[in-house]
Amino acid sequence: MAINVSTECETVLKLLARSHNVLISGAPGTGKSRLLAEVALSFESGYGISTSIAPPKLHLQGKVPIPPTAATGHQDVPAPTKTDRQVFRTVFHQNSKYRDFVSGVTPVVNKGAGAPSFTIVEGTLLRASKHANTSTGASLLIIDEINRGPAVQVFGGAIVSIEADKRLAPNGNKRPETQFFELLEPGSGNIIEYALPHDLYILAAMNQADVSVDALDVAFLRRWEPLRLEPNEQVLRAFYGLSASNSNALPDKPSATEDALEASVRAWSVINKKISLGRGAEFQIGHGVLMPSTPLHPLPLGEVLEYLCVGWAKIRAHVEEVFFGDTRGIAATLNALNGPSYNPFKFVETTFANDLRYKLDGPDNFTKSNIYVALRAFSEE
């Protein structure tokens, strides 16, 4: 299949074809949202499957996906024989409910005189399932931030039916292993037994280290094929137009764009190592936070320093959040405990009411005048 997709996208499509449910996790900035969008476009286009000699190629920048031609023998493609392929999307949050995802009763807004006050709505999962139940239909349901909502409650009884071997057969018939669950049918208002179709694929994403939410239930997690995205220095170097490795010492002052970008890569790598040691690898910050939409390597040094200030303000906020309440941990991560004397951040021990107190002195914001010296200090191990 000669198409233009990333290795990660190809991996997700293979996992979806095999297990039907894939859960992407990773630190902020590792490319989860980008990957969701790429998989969605690839799924809609049928991943370029075709019985013709020259299969259509997928252009990720285009607005309209290329419609596929049904084919057989493609074991790494979800639903290779289905040509009516649709993507359904939702985002979980603290107020997500079962009725929004599966089905349920909701008040009618702006109802007419004598009209019912309530109606039964079809949730995203039910709409995706109904489409996948058609003869030519296949559905990809994308759930972003799945751990930000009460996922187990939102899935409700459907949790027993999402595994690939618990679905209906490809022809829509019931199998001995098929698991049914009860739902409120929007058309009739009756409680019916329902099973998920074979050609429904569910792709979810989460930040595993999100400290504002609870961990997902283990029984829920085992129903998903996991894929973890890691911070990748080589991706950042390639984006910056830098060599794959550089062991030369950083200059005291940057004389070219490459000096500032090299300092940024090294500082980011060292800070991630310290976060891993002090808090855990899952709390690292991804390469994407330092990759703006504008390529940096052709820009003059002054503009590059301004862009780096924006990215590094986010990294500093991330460090302060990860080590919230631990001033020594923040200082150690920013190399302010036993680091170089030129580090603009200083760890200070003082007293308050005869008790020992710690504080971190340093600039309130990164600027063109202090960003490089800070990155150079952060990068020293």
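Structural descriptor for the chain: relative contact order 16 percent, calculated from alpha carbon pairs under 8 angstrom and at least 6 residues apart. From the coordinates of this entry, Cα Rg over 2.2 N^0.38 Å is computed, and it appears in (i) 1.46; (ii) 1.21; (iii) 0.97 under the label (ii). Between the amide H of R89 and those of I142, distances stay under 5 Å, these residues lying 5 or more places away or on another chain, with hydrogens modeled in the peptide plane. 3J(HN,Hα) couplings calculated from phi for segment 289-296 with the Karplus curve 6.51 cos²θ - 1.76 cosθ + 1.60 (θ = phi - 60°) are, in sequence order, 5, 9, 10, x, 5, 9, x, 9 Hz; Gly and Pro show x.
Using alpha carbons only, the radius of gyration of segment 233-379 set against its Kirkwood radius gives Rg/Rh = 0.98.
Maximal additional length on extending the L337-E185 stretch stands at 48.5 nm, based on 0.36 nm per residue less the C-alpha distance.
Computed from the C-beta positions of E193 and K314, the FRET efficiency with R₀ = 45 Å rounds to 0.40.
Note on the chain: with a GNM built from Cα contacts shorter than 10 Å, the maximum mean-square fluctuation among T350, T81, T30 falls on T350. Stretched out straight at 0.36 nm per residue, the stretch from A238 to L360 would grow longer than its current Cα-Cα span by 40.5 nm. The calculated 222 nm mean residue ellipticity attributable to helices in the chain amounts to -9000 deg cm²/dmol, summing -39500 (n - 2.57) over DSSP H runs of n ≥ 4 and dividing by all residues. Projecting the Cα atoms of A260, F378, L36 onto the dipole axis of the chain, where Lys and Arg carry +1 and Asp and Glu carry -1 at the beta carbon, places L36 farthest toward the positive end. Comparing D364, D217, D252 in a Gaussian network model of the chain, where Cα atoms under 10 Å apart are tied by springs, the biggest mean-square fluctuation is seen for D364. Our coupling estimate for segment 264-275, obtained by passing each phi through the Karplus curve with A = 6.51, B = -1.76, C = 1.60 and θ = phi - 60°, is 5, 4, 5, 5, 4, 5, 5, 5, 5, 4, 5, 4 Hz, Gly and Pro reported as x. Note that segment 31-41 has calculated 3J(HN,Hα) couplings of x, 5, 5, 4, 5, 4, 5, 5, 5, 4, 5 Hz, one per residue in order, obtained from phi through the Karplus relation 6.51 cos²θ - 1.76 cosθ + 1.60 (θ = phi - 60°); glycine and proline are x. Less than 5 angstrom separates the built amide H of Y201 from those of S139, L140, L141, all sequence-distant by 5 or more or on a different chain. Stretching K97 away from T134 to a fully extended chain increases their span by 10.7 nm, per 0.36 nm per residue minus the current alpha-carbon distance.
In the structure shown, do any of K97/K174; K32/K82; K32/K273 have a Cα-Cα gap over 32 Å, and if so which? Could you put the intermediate results ahead of the total?
Working: K97/K174 28 Å; K32/K82 26 Å; K32/K273 21 Å.
Pairs exceeding the cut-off: none.
Read-outs: derived from the displayed coordinates by stated rules, not from any lab. Being a predicted model, the structure only gives us computed values, none of them experimental. Backbone-built Cβ (ideal geometry, glycine too); neighbour counts: all protein chains shown.
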